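Below: the structure, in structure tokens.
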Amino acid sequence: MDFYKLTAKGYNELYGGEQKIKHKLIKENLDIKNTDLLLDVGCGTGLLDFNCNIIGIDSSIELLQQNSNNQKIQAKAENIPFKDNIFDKIISVTSMHNFDNIEKSIKEIKRVGKKDFAFSILKKSVLFDSIKRKINENFNIRKIIDGKKDWVFICSKVFK
């Protein structure tokens, strides 16, 4: 049985405090303007409190049902249903280790993003080194911040 299906109703109670720490770090290090369009990949229950236009995607219908934000879509990170270069900012908070195909997901995130990105990666994930390597291959890592249980990567798009 799916972990998020089982924990959806109590997800914010279990992980809300941790997520808010990472969101605060992202807010402090990513210049988010109220006119920005931000994509939250793996948005889950939608705990974001950013002063901009936010669209969230998540593959878990159970988590999205707990999400009170108006703009949310059930979708996988490997197939983001938006045009190229549409989002001013993209974040993915503690979700990359759950993606089916990390390389494809990162390429999709890069495709739909214009410039600025923030990713938090669970330190204890067995996929940490692989995810970090893929981020480094696809983005300019401007800063890495210790978010206690995660490392938070503040990145910009690499133009080739």
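The values are calculated or read from the model by the stated rules, or taken from the named source; none is laboratory data. The structure displayed is predicted, hence computed values, not measured ones. For neighbour counting, all protein chains shown are included, and Cβ atoms are generated from backbone atoms with ideal geometry for every residue, glycine included. Surface accessibility is based on the protein's heavy atoms, side chains included, excluding ligands, DNA and RNA. Shrake-Rupley method; radii C 1.70, N 1.55, O 1.52, S 1.80 Å.
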* Structure fact -> For the chain, the percent of accessible surface on carbon and sulfur atoms (probe 1.4 angstrom, ligands and nucleic acids excluded) is 48
* Asked: Accessible area per residue, 1.4 Å probe, Å², for segment 86-136: what's the number?
  -> 43
* How high is the relative contact order of segment 74-114, in percent, counting Cα pairs under 8 Å that sit 6 or more residues apart? -> 61
* If you average the sequence gap of Cα pairs under 8 Å that are 6 or more apart and divide by the length of the chain, what percent do you get for the contact order? -> 20
* Euclidean distance of C-alpha centroids, segment 68-94 and segment 105-160, integer Å -> 15
* In this model, which of 20/132; 24/104; 76/143 are farther than 25 Å apart at the alpha-carbon? -> 24/104; 76/143
* To do: Taking a cut-off of 18 Å between Cα atoms, list the lysines near residue 72, but don't count ones fewer than 8 places away on the same chain.
  => 5, 9, 83, 89
* Report the charge-dipole magnitude of segment 74-160 in Debye, nearest 20, computed about the Cα centre from +1 at each Lys and Arg Cβ and -1 at each Asp and Glu Cβ. => 220
* **Unit charges on C-beta of K, R, D, E only; dipole of the chain, Debye** => 440
* Asked: Which sequence of 38, 122 reflects their accessible areas, 1.4 Å probe, from the largest down?
  -> 122, 38
* **Contour minus Cα-Cα distance for residue 71 and residue 123 (0.36 nm per residue)** => 15.8 nm
* Show which aspartates and glutamates lie in cross-link reach of residue 110 when reach means a straight Cα distance below 15 angstrom and same-chain residues fewer than eight apart are skipped. => 40, 78, 84, 88, 137
* Antiparallel %, DSSP beta bridges [both residues in the chain], to 5 -> 45
* For residue 142 paired with residue 28, estimate the spin-label separation in nm (one decimal), with each label point 7 Å from Cα along the Cα-to-Cβ line. => 1.6
